[in-house]
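For reference, the structure is listed below as structure tokens.
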Amino acid sequence: MTSPEDDDQRSPGWIRPGEHLCLTFDDDEEREPVLAAFVSDGLARGDQVVYHTDMTHPAVLIGLLRGWGVDPDPFLARGQLRIDGAEEIYFSDGRFDPDLAVESLARAAAGALRQGYRALRVTGEMSCALRSGPERLVEYESRIKPILDTGTAMAVCQYDRRLFAPEQLPRLRGIHDREVSMGLRFDGGLLKIRPMVNPHGLRVEGEVDAATLPVFTTALHEAARRMSGDIHVDVGKLAFVDLAGLRAIIDLAAGLKAPRSLCLSPESSHVHQLIKMIGWDTTPGLRLSGDDLT
């Protein structure tokens, strides 16, 4: 059996102490699954998790955490989870201050170790730096590597592609060890696939046929590999799926090790009828929406 540290390092849950990752996104559907894995995995592993907010109000983030299946109250109460405004950490005299930001990270990493945490796990909404110009942000991102190299901290820096100019992002990406994503998002002419956070799984829209089957099958297996527990597949907006597409669902369900299941919901009447008519509804590891899914 492999440990999480041995798994694919593109997965945000398996970030290691010392890593400096970059998350770019176009919307919350793309961002939230990465942050949900980053935060929940950190709390489970005994890291201190610090979130620096800018565009997201702290109260909204609390709600998001609950939606991700994380009860933030006990972690906030004991200080394992901290939510700070980015300007409190990064700014002095109303401007983004690289010196202050680097010093704050070093102090936080040292403090996490003193308090008995495995490491500091920090993520920040870097949109705050745009108010002072990108060069100060480049300086900060370039200077935190020695702190991370000690293995006392790890970071995911968030970049909203709607706010950063396209020409700014390649340089910022290059400062990081790698870019991170769930790798489960697909936008095609006939098929759209989105990761879901609560419950964990995929939302599938459009058509699954011979042309889109390879992408659909890959997404199913990636979801099963990257997510723990049951895999929920929402096909409520799936207009068409052929037998090969249904077979991909059934094969994955049958291959899951108990007690994991593939939970198909809310399947349309024709999908439900097809599955029952063929007799696949008795497949081990498959649960349909009428089976009291939670």
- Query: Once a ≥ b ≥ c are taken as the square roots of the eigenvalues of the Cα gyration tensor of segment 70-207, is the result rounded (a/c under 1.5), prolate (a/b larger than b/c) or oblate (a/b not larger than b/c)?
  - Reply: oblate
- Message: With the cut-off at 1.5 for a/c, could you classify segment 166-294 from its C-alpha gyration tensor as rounded, prolate or oblate?
- Response: prolate
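Rounded if a/c is under 1.5, else prolate if a/b beats b/c, else oblate: with a ≥ b ≥ c from the C-alpha gyration tensor eigenvalues square-rooted, which is segment 1-140? Provide the component values of the computation, followed by the final result.
Details: a/c = 1.43, a/b = 1.36, b/c = 1.05.
The shape class here is rounded.
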- Roughly what % antiparallel, to the nearest 5, for the DSSP beta bridges in the chain? 20 percent
- Packing-based order for 216-227, 232-243, using average beta carbon neighbours within 10 Å, highest first: 216-227, 232-243
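Quick one: order L100, L113 from most to least accessible surface, probe 1.4 Å.
On the way: L100 45, L113 80 Å².
Result of the area sort, largest leading: L113, L100.
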- Message: For segment 58-184, what does the accessible surface come to per residue with a 1.4 Å probe? Please give it in Å².
- Response: 46 Å²
- Enumerate by residue number the trypsin sites (Lys or Arg not before Pro) in segment 57-139 meeting two conditions: DSSP loop (anything except H, G, I, E, B), and at most 15 other Cβ atoms within 10 Å of the site's Cβ. R118
- Set of aspartates and glutamates near K237 by C-alpha distance (under 16 Å), chain-local residues within fewer than 8 positions excluded: D187, E205, E207, D209, E267
- Query: How much accessible area does S181 have with a 1.4 Å probe, in Å² rounded to the nearest 10?
  - Reply: 60 Å²
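Please compute the alpha carbon radius of gyration of the chain, then divide it by the globular-protein estimate 2.2 N^0.38 Å. Two decimals is fine.
Numbers: Rg = 21.0 Å, N = 294, 2.2 N^0.38 = 19.1 Å.
The reported ratio for this selection is 1.10.
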- Query: Leaving out ligands, DNA and RNA, what percent of the accessible area of the chain is carbon and sulfur, probe 1.4 Å?
  - Reply: 54 percent
- Query: How about K257: which aspartates and glutamates have a C-alpha closer than 12 Å to its C-alpha, ignoring those fewer than 8 places off in the same chain?
  - Reply: D230
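Grab the DSSP H runs of the chain that are 4 residues or longer, score each as -39,500 (n - 2.57), total them, divide by all residues and round the 222 nm result to the nearest 500 deg cm²/dmol.
Numbers: 11 runs with 116 residues, N = 294.
It lands at -12000 deg cm²/dmol.
The values are calculated or read from the model by the stated rules, or taken from the named source; none is laboratory data. Just so it is clear, the structure is predicted and the values come from calculations on it, not from any experiment. Neighbour counts run over all protein chains shown; Cβ positions are idealised from the backbone, glycine included. These area figures cover heavy atoms from the full protein model, side chains too; ligands, DNA and RNA do not enter into them. Shrake-Rupley method; radii C 1.70, N 1.55, O 1.52, S 1.80 Å.
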